[in-house]
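Below is one structure, written out as structure tokens, with a few remarks after it.
Derivation of every value follows stated rules applied to the coordinates shown; laboratory data play no part. Remember, it's a predicted structure, so these values are computed and weren't measured experimentally.
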Amino acid sequence: MSDLSQLSMPLLVTIAESVLAHFNVGQFHLVGHSMGGLVSTLLAKKHQHSVRSFINIKGNLAPEDCFLSRQILDYPADEPETFVDDFITRTRQSPLYGNGLYASAFRGRVQTAAVRPTFESMVECTDSGNLLEAFEGFPFPRTYMFGEQYASLSYLPRLVRAGVELAEIPRSGHFVMYSNPVAMWERIAHFLSRVEHFDGKKASN
């Protein structure tokens, strides 16, 4: 898109809807990490009957999840390049698993002009979007995946009470796909196999 200032989480939902419509996808499994988990939650709120299952990989559900995106407010900078430089430095120096690898690839993957609107929209949706309540109430199978360094998230007991399967990945932080990809993919495969088995049993009855 030509005007990156228009980037937002609702726009990403609209893009996802367009892709689903273009390929005539009526039923689907959702897998989203971080911002992708946030967007997936918003998409699922609008299309609950189309979602077969949802693997939420440390997606934003509550304000405490904005430890990266909220830096756009906590560390204001007049120039976008200055913010990105400082953001990369702070992230690289973090002791959390995987943050250094994320920081090292940030400039190659993210356009500077996209950072502010993306981060601001993430914070806005997380702070006021009732994401946790929506995720708790979804009627389809759900799992919430997180690294062991986030085992103290305040809302994990709520998810358990809501019937969400928790998937803690050892030796990992926010970026489980960097720190422990084998464990991540094993948990995804096991979850989906159970969902498919359960759906198959329902269809045969």
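Computed extension length for LEU101-ALA162: 18.6 nm, one decimal, from 0.36 nm per residue of separation with the Cα-Cα distance subtracted. Per residue, the convex hull spanned by the Cα atoms of region 1-129 measures out at 120 cubic angstrom.
Taking PRO139, PRO76, PRO181 as the candidate residues, the one with maximal mean-square fluctuation in a Gaussian network model of the chain, Cα springs under 10 Å, is PRO76.
Against the main long axis of the alpha-carbon atoms of the chain, helix 99-109 sits at an angle near 80°. In the chain, the calculated helix contribution to ellipticity at 222 nm averages -16500 deg cm²/dmol per residue, counting -39,500 (n - 2.57) for every DSSP H run with n ≥ 4.
Extension gain for the segment HIS22 to SER8, taken as residue separation times 0.36 nm less the Cα-Cα distance, is 2.9 nm to one decimal.
Relative to the longest principal axis of the Cα atoms of the chain, the long axis of helix 80-92 makes an angle of roughly 60 degrees.
What shape does region 85-187 take by its C-alpha gyration tensor, where a ≥ b ≥ c are the square roots of the eigenvalues and a/c under 1.5 counts as rounded, a/b above b/c as prolate, and the rest as oblate? Judged from the Cα gyration tensor, region 85-187 comes out oblate (a/c at least 1.5, b/c at or above a/b).
Relative contact order for the chain: what is it in percent, counting Cα pairs under 8 Å that are at least 6 residues apart? Once normalised by length, the contact order is 22 percent.
Taking each residue as 0.36 nm, the span from ALA77 to LYS202 lengthens on full extension beyond its C-alpha to C-alpha distance by 39.5 nm. The Cα-based radius of gyration and maximum Cα-Cα distance (Dmax) for region 140-187 are 10.7, 29 Å.
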